[in-house]
Each structure stands twice: as structure tokens, then as C-alpha cells.
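The values are calculated or read from the model by the stated rules, or taken from the named source; none is laboratory data. What you are looking at is a predicted structure, and each value in this text was computed from that prediction instead of being measured. All Cβ positions, glycine included, derive from the backbone under ideal geometry; neighbour counts span all protein chains shown. Just so you know, the surface numbers come from the protein's heavy atoms only, side chains and all, with ligands and any DNA or RNA stripped out. Shrake-Rupley method; radii C 1.70, N 1.55, O 1.52, S 1.80 Å.
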Amino acid sequence: MDKKQQINEYMNILAEGNYFNGSVLAANRGEVILNKGYGLSSYQYAIENTSITKFRIGSLTKSFTGAAVLLLHQQGRLNLLDNIYAYINHFPSENGVTIHHLLSHSSGVADFTSSSEYWEKYMRLPSSLKKQAAEIQAR
């Protein structure tokens, strides 16, 4: 059995058991071995995932943002003890929130995603940085 068949068989088992819903791109030395979707992208409409299904990435961006901030700190381009309002003009400055506070979840800034109106008012609608800062300040 070749690599493509092995990966495909394994992913089919996971998908059939509802342990995986997504797309897989497996490559070796620049050669694509497998590019395929597994499971459903919509249970409501029974739409299957494909190799080009678009997914929401959710909280994955937090890791990349944290790494980017730490690289900027390492390069001396920002200090973790800087107040965030030095970088986001409309951020409420009276509470002295630093970059470190935001990275360590110790800022005291409310989690606006847990708001009861988050999904209907904010999740899928475009928003500016100024508008988001105002929302944070209002909480």
C-alpha cells in the first residue's frame, strides 16, 4: 500500500468515527501525496468537506499573534511593559493595560466574545479597530 492509500485509509476511519472533519494536504519534497476533504462542513445541510473547503480558524490566530509580538520584543521594536494605547490609539488608557497583560490574559479587559449579543451583533459583521476599542471600553 502506498503513502496516499495509507493516509486516505487512516483519515477515512477518523472521519467515519466523527473524530475528524476537515481537509488534509500531505506532501513530500514538494510533491503532493494527498489533497482531500473528510467529514462534513455542514451537518445541517449534509455538505461534505473538499480539498478547497474554507474553514474558520477560530483561536488559532492567538498563537501567531503572540509569537509575532514576542519576535518584535526580541528585536527591540516594542516592550512588553508598554501600555497598549501606545499602539492602539482608541484603546481606553486609564486602566494602564500593557502588552504583557493582554498576552497573559491578566488585563481585566472583558471577553467580548462571551457577550450574549456577540454572535448576532459582531461575529459576522465587519468592524474597525476604533469600533472594537469602543466596545471594549463600554464593558
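On each of the three principal axes of the Cα atoms of the stretch 19-83, give max minus min coordinate, whole Å, ordered largest first.
Sorted from largest, the Cα extents of the stretch 19-83 read 49, 36, 19 Å.
Can you spot the aspartates and glutamates whose alpha carbon is less than 18 Å from K130's alpha carbon? Ignore those fewer than 8 places along the same chain.
Answer for K130, where 18 Å is the Cα cut-off: E94, D111, listed by chain and number.
Calculate the length of the line joining the C-alpha centroid of the stretch 42-56 to that of the stretch 9-30, in whole Å.
Answer, in whole Å: 14.
Using a probe radius of 1.4 Å on heavy atoms only, what accessible surface per residue do you get for the chain? Whole Å² is fine.
Values: 10610 Å² over 139 residues.
With the other protein chains kept in place, the chain gives 76 Å² per residue.
Identify all aspartates and glutamates with a Cα-Cα distance to K3 below 14 Å; exclude those on the same chain that are fewer than 8 residues away in sequence.
E31
Would you tally the net charge around G22, using a Cβ to Cβ cut-off of less than 13 Å, leaving G22 out, and scoring K and R as +1, D and E as -1? Walk me through the numbers before you get to the answer.
Working: positive: K36, K54, R56; negative: E48.
Cβ neighbours under 13 Å give a net charge of +2.
Counting only GluC sites (Glu not before Pro) that sit in a DSSP loop (anything but H, G, I, E, B) with at most 13 other Cβ atoms within 10 Å, what is the longest stretch of the chain containing none of them? List each step's numbers first, then the result.
On the way: sites that count: E94, E117.
That gives 1-93 as the longest site-free run.
Determine the dipole magnitude for the chain: charges of +1 sit on the beta-carbon of Lys and Arg, -1 on that of Asp and Glu, nothing else is charged, the reference point is the Cα centre, and the result goes in debye to the nearest 20.
Numbers: 13 positive and 11 negative charges, 65 e Å.
It comes to approximately 320 debye.
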